[in-house]
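S.K.: Mind looking over this structure? Questions follow.
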Amino acid sequence: MVKPTPEVADEELLRRFNGGRPEAFELLLSRYERPLFNFILRHVSERTRAEELLQDSFLRVIERSKEFKGESKFSTWLYTIARNLCIDESRKMVFRRHKSLDAQLSGEDGDGPALVERTAGSGAAVDRAAIARELKPQIAEAIAALPEEQREVFLMREIQNLPFKDIASIVGVPENTVKSRMRYALERLQEALAEYADYVAELEE
C-alpha cells in the first residue's frame, strides 16, 4: 500500500518560494485564497473591495516574504497582514458606513419599512419563511453593531474557526483578553437578539 504524501508545511512553502520556486507560492495561494477572502469580506462587506484587499494581502506577503522569521505560524502572519489592511480600510470608510447604516435603520432607502415597523408585533400567525428572512439581517446587524475589537474576535473564532491562541497573535493581545472579548461579544449578541427569542421559538415548533 502506497503511503500518502505528507502535506508540505506553509512555512516550508514560503522558504521554497524565497528560494526561487514560484509554484510554492501558488500552493499557498490555493490554500488561503478562499478563507482569507471570507475573512476580509466580513470586515469590509463589499465584495469588490474585499477582492482588492485580498490581492493587496498576498502582494504584501510577496514583498515581505524574506521578513518572515518563523516566530509565528504562516497563517497567523498572513491574517495579521490582512487584518491591518482591513483596519486601514475601515478608517477610510467610517463616515460612509455610518451614513449607510443610518439610512437602513431609518428606512430612507425606500426598499422597505423602517426597522421599528418591521419588528412590530401584529398578533397574527407568522410564516416560517418570513421569520427566517427577518432573523438573518437582524443577526448580521447585531454583529455589525459590536465594538470593533469584539467583532473581529467573534468573526475569527466563529467564522474562521481560528484557535484563541492564533487570534491573540493576530490582534496582538494576551489570549485571556481575546477570550474576554469573545465572552463580551456573545453577551452583547444575546442581549441584542433577546427580543427575537419568540420568533426563534416559532421556528422550532
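S.K.: Just the ratio, please: alpha-carbon radius of gyration of the range 36-97 over 2.2 N^0.38 Å, N its number of residues.
M.R.: Normalised by 2.2 N^0.38 Å, the Cα Rg of the range 36-97 equals 1.15.
S.K.: Rounded to the nearest 0.05, what FRET efficiency do residue 194 and residue 173 have when you use their Cβ-Cβ distance and R0 = 22 Å? Mind dumping the intermediate values first?
M.R.: Values: r = 29 Å, r/R0 = 1.30.
Working from the Cβ atoms, E equals 0.15.
S.K.: Let's test the formula: R0 of 22 Å, r as the Cβ-Cβ distance of residue 59 and residue 145. What FRET efficiency results, to the nearest 0.05? Intermediate results must be reported in sequence, preceding the final value.
M.R.: On the way: r = 32 Å, r/R0 = 1.46.
Result of the calculation: an efficiency of 0.10.
S.K.: Measuring from label point to label point, each 7 Å out along Cα→Cβ, what is the residue 7 to residue 29 span in nm?
M.R.: Spacing of the two 7 Å Cα→Cβ label points: 2.0 nm.
Read the figures in this text as sums done on the coordinates, not as results from a lab. Because the structure is a prediction, the values reported are computed rather than measured. Positions of Cβ are backbone-derived with ideal geometry, glycine not excepted, and every protein chain shown enters the neighbour counts.
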